[in-house]
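Quick notes on the structure that follows.
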Amino acid sequence: MGKKEKIAILLDKLFVVKFLFYITKAYYGKHIRVVNYHSTPPFEAANFEAQLKFFQANYSSVSYKELEEFYKTGKWTKTKPGLIFSFDDGFRDNVDVAVPLLEKYGFKGWFFIPVGMIDLSSEEQKEFVGKNENRYHVEYKDGRYLMSWDEIKGLYNNHVVGCHTWSHHRMNINDTDEILTKEITLSKQLMENKLQKQISIFCWAGGEEHTYTNAAAKKIKESGYKFSFITNTFPVKSGQSPLQINRTNIESRNSLALVRFQLSLLMDIFYIPKRKRVSKLLTLE
Ligand SMILES: [Zn+2]
């Protein structure tokens, strides 16, 4: 358990975090929050379900159309604030574990896929999931750790899918135009060809400050994406750029205390300086 989680649990016991969470929700009013997960292994299913119960009590589901509508009208019409459940990296256990639970509690999942990784061999997939999730992974007997294209097609029909670069590339200032084209433009085309559908969501990989660049932001816009997700924790409110939608990291193993803490004003305030710097970097002329 990390230090942040221990502090969150202690403060939660003192009702500080619960109080902060409810104040935050009331303060933002009609808003949407975006959370991002990674792997959701079966041994964390019970904990993930407890999180879902909490989210169901406090938020309502957001479909792609509803996000579009929110940006168009600037209004969120459901009684509870919206919650976008996003899942990065295309883990197969999202399909097996997260999806049935999301559906049980009436939420849409938003799945962001590093599209070039889907067709890798099992050895290469194992290396990728090990690199990006260093905890225990389900040992799938057939050696496939990521979703298949058929599974992604199913998710497109019932949930939401987007592009999470070609090779899970963290953008950096040394990226050539060739790299940006592959990671941002060709990845979109590959996904559109495989699914025979239009893809209009991009999600940056990494999230560290040096992984955001103006050149990549420009390429994202030029490639025709409508929405782009970053990770500097903040609610989505009308008037914000749809190409700079912030998310808050949650994992299926996290306690409810940490979930509430992550979604509180305290964290929104903590991220102000980074959010400002990144937003300046990504804002186009
Ligand atoms: Zn990722």
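The values are calculated or read from the model by the stated rules, or taken from the named source; none is laboratory data. Predicted, not measured: the structure shown is a model, and the values here were computed from it. Note: ideal-geometry Cβ built from the backbone for every residue, glycine included; neighbour counts use all protein chains shown. Ligands, DNA and RNA are stripped out before the accessible areas are found, and what is left, the full protein with its side chains, is counted by its heavy atoms. Shrake-Rupley method; radii C 1.70, N 1.55, O 1.52, S 1.80 Å.
Structure summary
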{"read-out": "Single match in 122, 200, 148 (criterion: buried (at least 16 other Cβ atoms within 10 Å of the Cβ), on the phi < 0 side of the Ramachandran plot and among the hydroxyl-bearing types (Ser, Thr, Tyr))", "value": "200"}
{"read-out": "Residue selected from region 168-212 under the condition more than 21 Å from the chain's Cα centre (by Cα) and part of a loop (DSSP other than H, G, I, E, B), by the criterion farthest from the ligand (Cβ to nearest atom)", "value": "196"}
{"read-out": "When residues of region 213-242 are limited to those that are within 16 Å of the ligand (Cβ to nearest atom) and over 21 Å from residue 74 (Cα atoms), the one most open to solvent (accessible area, probe 1.4 Å)", "value": "231"}
{"read-out": "Residues of region 56-65 satisfying the condition of being buried (at least 17 other Cβ atoms within 10 Å of the Cβ) and touching a residue at least 60 places away in the same chain (Cβ under 8 Å)", "value": "64"}
{"read-out": "Test for residue 37: is it surrounded by 18 or more Cβ atoms within 10 Å (Cβ to Cβ) and more than 16 Å from the ligand (Cβ to nearest atom)", "value": "no"}
{"read-out": "Residue 111 vs. criteria part of a helix (DSSP H, G or I), in contact with a Leu (Cβ under 8 Å, 6 or more places away or on another chain), closer than 17 Å to residue 39 by Cα and open to solvent by less than 70 Å² (accessible area, probe 1.4 Å)", "value": "no"}
{"read-out": "Any hit, region 98-113, residues being among the small types (Gly, Ala, Ser) and either within 22 Å of residue 245 (Cα to Cα) or within 12 Å of the ligand (Cβ to nearest atom) (or both)", "value": "yes"}
{"read-out": "Yes/no for residue 144 being under 29 Å from residue 49 (Cα atoms) and of a type in the set (Lys, Arg)", "value": "yes"}
{"read-out": "Check on residue 148, farther than 30 Å from residue 275 by Cα and more than 16 Å from the ligand (Cβ to nearest atom)", "value": "yes"}
{"read-out": "Residue satisfying condition, being small (Gly, Ala, Ser) and modelled with pLDDT of 90 or more, within set 279, 238", "value": "279"}
{"read-out": "Single unsatisfied condition, residue 251 versus (1) free of Cβ contacts under 8 Å to residues at least 12 places away in the same chain; (2) under 22 Å from residue 52 (Cα atoms); (3) among the acidic types (Asp, Glu)", "value": "(1)"}
{"read-out": "Conditions (1) within 16 Å of the ligand (Cβ to nearest atom); (2) open to solvent by 10 Å² or more (accessible area, probe 1.4 Å): number failed by residue 154", "value": "(1)"}
{"read-out": "Residues being farther than 14 Å from residue 199 by Cβ and either assigned to a strand (DSSP E or B) or within 15 Å of the ligand (Cβ to nearest atom) (or both) - total across region 157-167", "value": "1"}
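Residue by residue, here is whether (1) within 18 Å of residue 80 (Cβ to Cβ); (2) in contact with an Asp or Glu (Cβ under 6 Å, 6 or more places away or on another chain); (3) in contact (Cβ under 8 Å) with a residue 40 or more places away in the chain; (4) β-branched (Val, Ile, Thr) holds:
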position: 2; (1), (2), (3), (4): no, no, no, no
position: 5; (1), (2), (3), (4): no, no, yes, no
position: 18; (1), (2), (3), (4): yes, no, yes, no
position: 25; (1), (2), (3), (4): yes, no, yes, no
position: 35; (1), (2), (3), (4): yes, no, yes, yes
position: 39; (1), (2), (3), (4): no, yes, yes, no
position: 42; (1), (2), (3), (4): no, no, yes, no
position: 46; (1), (2), (3), (4): no, no, no, no
position: 52; (1), (2), (3), (4): yes, no, yes, no
